[in-house]
1. Considering the Cα trace of the range 377-455, what is its radius of gyration and what is Dmax, both in angstroms?
2. Stretch LEU444-TYR396 to full length: gain in nm at 0.36 nm per residue minus the Cα-Cα span?
3. Within the chain, what is the number of lysine pairs with alpha carbons under 21 Å apart, leaving out pairs fewer than eight places apart on the same chain?
4. Taking every alpha carbon pair in the range 335-420, what does the distance histogram look like in 10 angstrom bins from 0, in percent?
5. Could the peptides 414-420, 204-210 be put in order, highest first, of the mean number of other beta-carbon atoms found within 10 Å of their residues?
6. Between GLU246 and SER199, what is the FRET efficiency for a Förster distance of 45 Å, r being their Cβ-Cβ separation, to the nearest 0.05?
7. State the volume of the convex hull built on the alpha-carbon positions of the range 368-417, expressed per residue in Å³ and rounded to an integer.
8. Given a 1.4 Å probe and the protein chains all in place, what does the accessible area of SER389 round to, in Å² to the nearest 10?
Amino acid sequence: MKIKKKHWWTLLLVMVLVGSLLAGCGSPAEPAEPAEPAEPAEPAEPAEPAESGDQVVITVAAGAVGQELELTQKAAEMYMDQNPNVLVNVLDTPDLAQDRLGLYLQFFEAQSAEVDVYQIDVIWPGDLAEHFVDLYDFGAADVVDEHFPAIVENNTVDGRLVAIPWFTDAGLLYYRTDLLEKYNFEPPATWDELEEQASVIQEGERAEGNPDFVGFVWQGNAYEGLTCDALEWIASNDGGTIISPEGMITINNANAIEIIDQAAGWVGTISPSGVTGMGEEDSRAVWQGGNAAFMRNWPYAYSLGHADDSAIKGLFDVSPLPAGKSGEGAATLGGWQLAVSRYSNNPEIAAEVALFMAGYDAQKMRAVEGSLNPTIMSLYEDAEVLEASPFFGSLYDVFINAVARPSTATAPNYNAVSTAFFRSVHSVLTGSIDAATAFEELELDLQDITGFDIQ
């Protein structure tokens, strides 16, 4: 059953806020921090099941970027066809990661049973582990070896599998094949080449009568998406990963400063001034409307770009992101998992739903119809999957070697670390401050948040 987005959002927000007030909890204005960790509880004994008629009701909180909501609903229908005694509701949640996390934290604060299964970001297991059951207690051991080991490790906290991998992500460069041919370019291998090509193509297309045409769109709003984009720039320029895996604050270095200042120079030149307010779907709208030469985005945009209603159908391809001083492009590791709430009234059935949705058949459907990267390794050899998204094979190394955000090293403070980072970068992109000053201040903020030493 699909619940309409606006109705669900309004209803649930009211429910959560009222519940929080009754429990004596406020609604944070800033991106919320996880509550003080409690000892992980044993899986709850099933209470009286939530029912609709004779059916147990399981609610899955899912994303709606691109085709995510529709594909999650289709997977739910696949499960219900085999399990008519279960009704799976799919709850549409906010697109921006910070907004979604804020909503989740309000559910957790109230220990609400309203949501049984949560779609969680690859960066959240360490911060949110206390709120989820151990899926090893519900049959995950039988299937976990099918998934990328690194993602399973990411989702394992103190030996507990708090989420099953669902789909993985890494940043890609989308480029217009027709325009590169028209202007006699090859896909750019470096950021300097991208700047040059984007400028030439933008000038040429505007001169031919498209004043809205821009060279390059990406995710520049102050949210987790900017952390991903900026980490790619910095890592590709040999500037580190903000905080090292060993817990050393590394962000204030010459290479990181250089590339962020370079990116700030794109705003209002090869990128629209409004790029500093763009998320994934905003940049895709410009790109898919035929008004950009290049786009940084996740794999989900591939199938949408080749849809019948797309202005660029058949006119683009993807490649690894460009390189800076390191000589190699860097793609931030993304992806989403399915976790079962400790507060669910039906954890056993909820776990069954989660494992089904993350299983071979559902992941294959999502890969073929939505170009969502599987986490099941064998699907990268599936002929139907590779026919639908050929780059899954050609760019396989990009996905398995993607750069991780420092969520493990900084747990349970990653959300605060990322917020400080993307706000700092955003201040540079909007011209409020230069990168050298911003990162000098940022490293002190990160030290206050984490207690780590500065390199």
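1. My reading of the Cα-based Rg and Dmax gives 18.8, 51 Å.
2. Full extension of this stretch gives 13.5 nm more.
3. 6
4. 15, 33, 31, 21, 1
5. On the way: 414-420: 23.9, 204-210: 12.7.
For the peptides 414-420, 204-210, the packing ranking is 414-420, 204-210.
6. Calculated transfer efficiency: 0.65.
7. Details: hull volume 5.1 nm³, N = 50.
Enclosed volume per residue, from the Cα hull, is 101 Å³.
8. Counting only protein heavy atoms, the figure is 0 Å².
The values are calculated or read from the model by the stated rules, or taken from the named source; none is laboratory data. Please read these numbers as outputs of a predicted model, since none were measured by experiment. Because the Cβ atoms are built from the backbone with ideal geometry, glycine has one as well, and the counts that use them run over all protein chains shown. In case anyone asks, the SASA skips ligands and DNA or RNA and just uses the protein heavy atoms, side chains included. Shrake-Rupley method; radii C 1.70, N 1.55, O 1.52, S 1.80 Å.
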